[in-house]
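What follows draws every value from the coordinates through simple rules; no lab data is involved. Computed from a predicted model, the values in this text were never measured in an experiment. Neighbour counts are summed over all protein chains in view; Cβ atoms, including those assigned to glycine, are modelled from backbone coordinates with ideal geometry.
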Amino acid sequence: MKKAVDKPERHRYPSSEGMLSFREAVSVWYSRRFNVKLNPKDEVVTLIGSKEGIGHLPLAFVDPGDVVLVPSPGYPVYSISTLFAGGESVEMPLLEKNGYLPDLDTIDGAALKRAKLMFLNYPNNPTAASAGKEFFEKAVNFAKQHNIIVCHDAAYSEIFYDGVRPPSFLEVDGAKEVGIEIHSLSKTYNMTGWRLGFAVGNADVVGGLAKIKSNLDSGAFDAVQEAGITALETGDEVLAPLRDMYQERRDALYEGLRAAGIEAAKPEATFYLWAKVPKGFDSSGFSAHLLERAGVLATPGNGFGASGEGYIRFALTVPVERTREAAERIKKAL
Ligand SMILES: Cc1ncc(COP(=O)(O)O)c(C=O)c1O
């Protein structure tokens, strides 16, 4: 980045679809990581962070009265961006008994007829669940049958545990016919404040998003994209120690919460931990209790949609010693 900002040409208006050299680096990364081939010219668009792409996508494809299927609990931007486009979001509950995957067979038929777009997100925020290729195959068939665009948000694909690498939605046959996948450099490369991400897959969907962007923003800062190329070219020698760090925190919090009598799923990926609130509390009440009695901040599950009630989300974003201390304080506060 420091080298890139010294180049005068990096300070011009960027192109709204992103530098071709960055999009080429994305295509090489996809081939290396997922064995998925992408044409950098029309199957990749640079984003100013993945949130920007999620926020703009419905403006390209959703008309007033259209339905967008969103996971619940889920990252709130899926339903907010739907609202901004005049669409109606219909929640797909993610339940523990289904491994936090939506049960596509139970989606309301009338809503399905109006559905244009479906957001999916694995590894999942807030439940920390992963999806296998079987589920993605099901989603592709479902999208074809009902003529729905799929937007798979894979922001956490590189924060995984125990060496189990989550698959890409695009690894499944036919996925590129129905949708796109969104990634973020925020989580994988700790570039949160730099605002850089990308969307890849179906050329028409990528093109629709690029058209909206050309009218609303003027693309990501070229120097940041140049730094992004360097990031995408780094390998496991940089990423493995980061994963080990999160895994140590995950193990510390998971064991600590269990010792405090709190039921939780052991995260397979992401830097979140999704736990059940103890009897006698609701999500907001337990969150307030932890803040007041233990000095620990965790997000109430109902903030992610109705199906999040009864749960609370912890973030593994503090050092392991503080994580252990937090678990100890929670134990004392119960
Ligand atoms: C599921 C999910 N998608 C996307 C984002 C946005 O990330 P960014 O805009 O930094 O790429 C987040 C951030 O928390 C997230 O949790």
> When the scattering of the chain is computed by the Debye formula from its Cα atoms alone, each counted once and equally, what is log10 I(q)/I(0) at q = 0.09, 0.14 Å⁻¹?
Replying inline: -0.48, -1.13
>> Nearest 5 percent is fine: what portion of the DSSP beta bridges confined to the chain is antiparallel?
In response: 50 percent
> What is the Rg over Rh value, at two decimals, for segment 274-334, using alpha-carbon atoms and the Kirkwood definition of Rh?
Replying inline: 0.96
> What is the extension gain from S214 to A288, computed as 0.36 nm multiplied by their sequence separation minus the C-alpha to C-alpha distance, in nm to one decimal?
Replying inline: 22.3 nm
>> Please enumerate, by chain and number, the lysines with C-alpha under 25 Å from the C-alpha of K97, excluding those fewer than 8 residues away in the same chain.
In response: K133, K138, K266, K276, K279
> Where does the chain land at 222 nm, in deg cm²/dmol rounded to the nearest 500, when only DSSP H runs of n ≥ 4 count, each adding -39500 (n - 2.57), divided by all residues?
Replying inline: -12500 deg cm²/dmol
>> Can you sort V238, V224 from fewest to most other Cβ atoms within 10 Å of each residue's own Cβ?
In response: V238, V224
>> Which of V140, V205 has the fewest other C-beta atoms within 10 Å, and how do the rest follow up to the most?
In response: V140, V205
> What FRET efficiency comes out for the pair R324/F84, r = Cβ-Cβ distance, R0 = 56 Å, nearest 0.05?
Replying inline: 0.85
> Considering the dipole of segment 1-86 built from charges on the beta carbon (Lys and Arg +1, Asp and Glu -1) around the Cα centre, which of S16, G86, P73 is farthest to its positive end?
Replying inline: S16
> How high is the relative contact order of segment 230-317, in percent, with contacts defined as C-alpha pairs under 8 Å that are six or more residues apart?
Replying inline: 24 percent
